[in-house]
1. Would any residue of the range 24-41 have its amide N under 17 Å from a label point 7 Å out along Cα→Cβ of R97? List them or say none.
2. Stretch S82-N142 to full length: gain in nm at 0.36 nm per residue minus the Cα-Cα span?
3. Quick one: what are the phi-derived ³J(HN,Hα) couplings along the range 100-116, Karplus 6.51/-1.76/1.60 with θ = phi - 60°, whole Hz, x for glycine and proline?
4. Output wanted: per-residue J couplings in Hz (rounded whole) for the range 78-91, from phi through Karplus 6.51 cos²θ - 1.76 cosθ + 1.60, θ = phi - 60°, x for Gly and Pro.
5. Given H placed on each backbone N at 1.01 Å, which residues far from L43 in sequence or on other chains put an amide H within less than 5 Å of it?
6. Compactness ratio of the range 13-90: Cα Rg over 2.2 N^0.38 Å, N = residue count?
7. Amide H neighbours of M120 under 5 Å, at least 5 residues apart or on other chains, H built in the peptide plane: list them.
8. Along the range 120-125, what does the Karplus equation 6.51 cos²θ - 1.76 cosθ + 1.60 (θ = phi - 60°) give for ³J(HN,Hα), rounded to whole Hz, x for Gly and Pro?
Amino acid sequence: MAPRVQAEHDLASDELAELEERLNSDNRRLTARNDDRSLVYVLRDDAGQVVGAAAGYSWAGIAELKLMWVDEACRGLGYGRSLLDAFVAEATNRGARRVWVWTHDFQAPDLYERAGFQRMAELAGWPEGHSNIILCKTLAGNA
């Protein structure tokens, strides 16, 4: 039977993770770089609950921050910057030359710019009425 395209909008997270690993395996093979690693910092409250995170990965001389979130009750207290600084410091320790992040105009582009990230692109209409902003920070000593 030939493969067929079908909608599976509720694909199980373990199946999706397996597909991502297959893609990553191809990427490693095609670039001859197998140094990909998760890069995650979390903020926990006194009860041990996660109330913030900076999560992404490092690979092939770059790092990408894919998820940055701080609980509303903890915002404006410097935790976001602390998470970002920890993420960037670890990327630097791993020898990354650049850290990339995508954020929306209604999220935290100013946080990244204050931390030395530069706007590389702004994609208008993503979502409608807003922009998706791509930022990059070149890391000193690794450039």
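1. 31-36
2. 19.5 nm
3. After applying 6.51 cos²θ - 1.76 cosθ + 1.60, I find 10, 8, 10, 8, 8, 4, 8, 9, 9, x, 5, 4, 5, 5, 5, 8, x Hz.
4. Here the 3J(HN,Hα) series is x, 5, x, 5, 5, 4, 4, 4, 5, 4, 5, 4, 5, 4 Hz.
5. Hits under the 5 Å cutoff: V51, G52, A53.
6. 1.31
7. Residues meeting the criterion, in which the H sits 1.01 Å from N, are I134, L135, C136.
8. 9, 7, 9, 9, 6, x
Rule-based calculations on the coordinates, nothing more; no lab input. Remember, it's a predicted structure, so these values are computed and weren't measured experimentally. Heads up, the Cβs are rebuilt from the backbone with ideal geometry, glycines too, and the neighbour counts pull from every protein chain shown.
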